[in-house]
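For reference, the structure discussed in these notes is given below.
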């Protein structure tokens, strides 16, 4: 075998095709960099134009800056409520999806009724029903000599907010989980059965790990939406971002300044959550590479 024409690593620099490939890669990198610079310039121009318009309307940005620390103290509350709610909603969504995929008419009926009822009513109404309606029912139990049940139905503001967000988003995420489970090929279930795995073992070891990778982007989107919808719990007096901004806005009649500040904080949280979702999605995709 003649090895005289086999290129060694040190000879690549003199190869015309290799040099052309490097030049093409350099051109592509320059194009991507130029596009990113132009995109950043467009964003900066839009921000500058918006700031100019707001200044013409006598909006006081210094007031928002001076009181930003007070509003930022609500970030941890917002994140805490959102994290707790998405965790409970995930469990409800999984149970709802399994119910809708079950062969049992009772399970399908319960899951279908839950999804239809919650998706068909506003989140704000659900918050009122849980925060104000459940204590009314609990009082009825207390009047009938069952104070224990009455106490269980009387929730504080944070508990009510977490329960309302969990129940609401659990209904929407039920369809996401159902679609993710159904996206796994039926042949994998049959193969698992052929080696003696039971239904729950198949679900836990074969179906769910793959389904989670499929639905992670959708769950991430739901969490981002939940962070913004958590502002609705401010009506119960929870000291999160919106409630704090609203207190200062009403105190000094600075509605535009404070709510723009709150909007900017939510926007930044959305950007961070989107980045975290992308990172998690990449990690899960690498875990399944062979």
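The values are calculated or read from the model by the stated rules, or taken from the named source; none is laboratory data. The structure displayed is predicted, hence computed values, not measured ones. Glycine gets a Cβ as well: all are built from the backbone with ideal geometry, and neighbour counts include every protein chain shown.
Some observations on this one:
- Breaking point among (1) farther than 27 Å from residue 233 by Cα; (2) touching a helix residue (DSSP H, G or I) at 6+ places or on another chain (Cβ under 9 Å); (3) in a loop (DSSP other than H, G, I, E, B), for residue 121: (1)
- Of 192, 249, 245, all but one fail to be in contact with a helix residue (DSSP H, G or I) (Cβ under 6 Å, 6 or more places away or on another chain) and touching a residue at least 24 places away in the same chain (Cβ under 8 Å); the exception is 245.
- Options 151, 133, 161, 109; residue that is in contact with a helix residue (DSSP H, G or I) (Cβ under 9 Å, 6 or more places away or on another chain), part of a helix (DSSP H, G or I), surrounded by fewer than 16 Cβ atoms within 10 Å (Cβ to Cβ) and modelled with pLDDT of 90 or more: 109
- The set of residues in the range 195-208 that are closer than 25 Å to residue 282 by Cβ and either modelled with pLDDT of 85 or more or in contact with a helix residue (DSSP H, G or I) (Cβ under 9 Å, 6 or more places away or on another chain) (or both) comprises 205, 206, 207, 208.
- Flag if residue 230 is under 20 Å from residue 122 (Cβ atoms) and free of Cβ contacts under 8 Å to residues at least 40 places away in the same chain: no
- Which listed residue, of 116, 82, 87, is farther than 28 Å from residue 151 by Cβ and assigned to a helix (DSSP H, G or I): 116
- In the set 218, 229, only one residue is in a helix (DSSP H, G or I) and within 21 Å of residue 284 (Cβ to Cβ); that residue is 218.
- Residue selection: residue 86 satisfies the criterion of being surrounded by 17 or more Cβ atoms within 10 Å (Cβ to Cβ) and either under 30 Å from residue 250 (Cα atoms) or touching a helix residue (DSSP H, G or I) at 6+ places or on another chain (Cβ under 6 Å) (or both).
- Residues of the range 33-51 include none that is surrounded by 13 or more Cβ atoms within 10 Å (Cβ to Cβ), free of Cβ contacts under 8 Å to residues at least 24 places away in the same chain, out of contact with any helix residue (DSSP H, G or I) (no Cβ under 6 Å at 6 or more places or on another chain) and under 29 Å from residue 234 (Cα atoms).
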